[in-house]
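The values are calculated or read from the model by the stated rules, or taken from the named source; none is laboratory data. What you see is a predicted model, and the numbers here were worked out from it, not measured in a lab. Please note: Cβ atoms are built from the backbone with ideal geometry, for glycine as well, and neighbour counts cover all protein chains shown. Surface areas here come from the heavy atoms of the whole protein model, side chains and all, with no ligands, DNA or RNA. Shrake-Rupley method; radii C 1.70, N 1.55, O 1.52, S 1.80 Å.
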Amino acid sequence: MKTTKQIDTFRGSAPEQQLILFKQMLKEGDLKKVPIQEIVRSSPLLVRWMDHTMEQTDTPDEFLAASGLQLISSVMGNQAYIMFGSTQIYPHIWCVLVAPSGFYRKTTALSLARRALAEMKLPVSWADHSKSDNSNDNEKGIKIIRSGADLIAPDRFSIDLIIEELQYRPAMIMFQSEYGGFLQELEKTYNHGAKETLTDIYDSGMFIKFNKTIKRENEGKPIVIDKTAFAIFGATTIHWLEQYVRRSDIGAGFIARFLFVPAYKKTRSHGWPKSGNKEVYESLKCDIAAIRKTVRGGFDASEIKPFYEMWYHDLEKRSETEQTSNNMIGFDTRLSGYALKFTMIMHASKYGNMELTLDSLISGIQLAEYFRSKTQELFETTFLSKFSKNVRKLAEFIYRNDHGKNKRQIQQRASAIDIRGEEFNLILETLLEEGDVHWDAAGNAAISKNSKFLKGVVRK
């Protein structure tokens, strides 16, 4: 592995030389387009997870790698963090596996992580959450976590239930075997405002007070949650994504907080999978659980700061110059935080201590870049592609009826081609902001022939 040799070179170099070498890695793209299977194999603990689970299922390697990352992240919970300015960044992840139904065994990847977590024993001496600084002594205390099962959120989702649980279990992981169904559930009347609330909850370290009382179990007191690390691990098909992800979800930042792992081919095929070595499995669970004992408190990030800042500025520059779906969905702004989350996870799984190292940062950045490319690839071939096509259709309609159609007539045309309601408003907003559309004195629309949405269009 090229980056492994480069890291060895870094260790024997002066700090000034290390920065030069890291800058060269950025320039040559050594941190981008590295397969997730290769990245996680830099961690002995994740290697053991991959080797053990590969015997039991033929789900794609990238799904098993994601399940290992999610498992370790959940064990860490809100026990460890990086201070980023005045914010505590916890290692919790929102991740969705994407593949066709059936032989890709997405649910199996979720089940392997869930079962391993549920079976872990966590001694009380190092398993309890810290009580929120914002809670009063006479309030109910934070739940003592005695097993990994206590880190798993309720199967039935309602935003009221999740908020209520987060008072006493600030760190949890929710498993969703059908992410599309989860998105449907968020639209139910009793989950009104769920996406906005979950978006707030994702931003770990936030102190949130809900003034309304949720159920009588809360004894009439306001809901207060703090220091939350609420993880989501789901699976879905591209069809469900296209069906239930709305443009408004993207613009509001809800979807931009998710990492997507698509798989297009299987790595291997098991006609009859093995059951796995029980002793190896028990040892593996114990070693993953032990991370919760040794990795606690704030990480020392002093060694990695200058390198992270160099990569961050490079990402910022690329985001400004590259016209990709990542700009459209605001994913790159979340990516910088995910790089730090992955750095913590990789470091905890390799070293089990609190002093972050350059090789852990490189692994974290490689994972962030992997998800950047996969998210872009997935979004540009699914629902964003459909939205872009609809924008172009209305841009052509306006162009071919220059100064001849008002908003109501444009909306009638949109309805005729199955563009309705909220999507129409978002398309019109996009055209006005980015497509050189304007209204004349009579209230009719016109569009510049140089609009980027009219490339290749000839007026009939």
TODO: Please give the net charge around Asp314, taking every other residue with its beta carbon less than 9 angstrom from that of Asp314, where Lys and Arg add +1 and Asp and Glu add -1.
DONE: +3
Task: Which of Lys27, Lys106, Lys143 is most accessible, then next, and so on - probe 1.4 Å - done: Lys27, Lys143, Lys106
Task: Approximate spin-label separation Lys27-Glu242, in nm, with each point projected 7 Å along Cα-to-Cβ - done: 4.3
Open item on the list: I'd like the FRET efficiency for His313 and Ala442, computed as 1/(1 + (r/R0)^6) with the beta carbon distance as r and R0 of 45 Å, rounded to 0.05.
Closed with: 0.40
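Here is the link list: Lys27/Lys106; Lys5/Lys195; Lys407/Lys455; Lys23/Lys106; Lys5/Lys374; Lys305/Lys455. Which ones come out longer than 32 Å on Cα distance?
Values: Lys27/Lys106 36 Å; Lys5/Lys195 44 Å; Lys407/Lys455 23 Å; Lys23/Lys106 38 Å; Lys5/Lys374 26 Å; Lys305/Lys455 43 Å.
From Lys27/Lys106; Lys5/Lys195; Lys407/Lys455; Lys23/Lys106; Lys5/Lys374; Lys305/Lys455, over 32 Å: Lys27/Lys106; Lys5/Lys195; Lys23/Lys106; Lys305/Lys455.
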Open item on the list: If I model a spin label at Ser13 and Tyr264 as a point 7 Å from the Cα along the Cα→Cβ vector, what separation in nanometres do I get?
Closed with: 3.4
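Can you sort Thr59, Thr197, Thr381 by solvent-accessible area, 1.4 Å probe, largest first?
Numbers: Thr59 0, Thr197 25, Thr381 90 Å².
Greatest to least solvent exposure: Thr381, Thr197, Thr59.
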- [ ] Can you sort Ser177, Ser67 by 1.4 Å-probe accessible area, starting with the largest?
- [x] Ser177, Ser67
Task: Nonlocal amide H pairs with Leu259, under 5 Å, H built at 1.01 Å - done: Trp94, Cys95, Val96
TODO: Using every pair of alpha-carbon atoms in segment 1-75, split the distances into 10 Å bins beginning at 0 and state the percent of pairs per bin, rounded to integers.
DONE: 17, 38, 28, 15, 2
Open item on the list: Just to compare against my own numbers: the Cα pair-distance distribution for the chain, 10 Å bins, whole % per bin, please.
Closed with: 4, 19, 27, 24, 16, 8, 2, 0
- [ ] Using amide H atoms built 1.01 Å from N in the peptide plane, name the residues 5+ places from Ile152, or on other chains, whose amide H lies under 5 Å from its own.
- [x] Ile173
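With n ≥ 4 as the cut-off for DSSP H runs, can you work out [θ] at 222 nm for the chain, using -39500 (n - 2.57) per run divided by the number of residues, rounded to the nearest 500? Provide the component values of the computation, followed by the final result.
Working: 20 runs with 229 residues, N = 460.
So the helix-based figure for the chain works out to -15500 deg cm²/dmol.
Decide, for segment 304-460, between rounded, prolate and oblate: order the square roots of the alpha carbon gyration tensor eigenvalues as a ≥ b ≥ c, take rounded if a/c falls under 1.5, and otherwise choose prolate if a/b is larger than b/c, else oblate.
On the way: a/c = 3.75, a/b = 3.04, b/c = 1.24.
Prolate.
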TODO: Could you work out, for segment 40-95, what percent of all Cα-Cα pairs fall into each 5 Å distance bin, beginning at 0 Å and stopping at the bin that holds the largest distance?
DONE: 4, 19, 23, 20, 16, 9, 6, 3, 1
- [ ] Mind putting a number on the dipole of the chain about its Cα centre? Charges go on the C-beta only, +1 for Lys and Arg and -1 for Asp and Glu, and I need it in Debye to the nearest 20.
- [x] 1060
- [ ] Using amide H atoms built 1.01 Å from N in the peptide plane, name the residues 5+ places from Leu122, or on other chains, whose amide H lies under 5 Å from its own.
- [x] Ser147, Gly148
Open item on the list: For the pair Asp203/Thr381, report the inter-label distance in nm, with labels modelled 7 Å from Cα in the Cβ direction.
Closed with: 3.4
Open item on the list: Just to confirm the number: angle between the C-alpha axis of helix 2-11 and the first principal axis of the chain, 0 to 90 degrees, nearest 10?
Closed with: 60
TODO: Please give the per residue volume of the convex hull enclosing the alpha carbon atoms of segment 398-448, rounded to a whole number of Å³.
DONE: 70
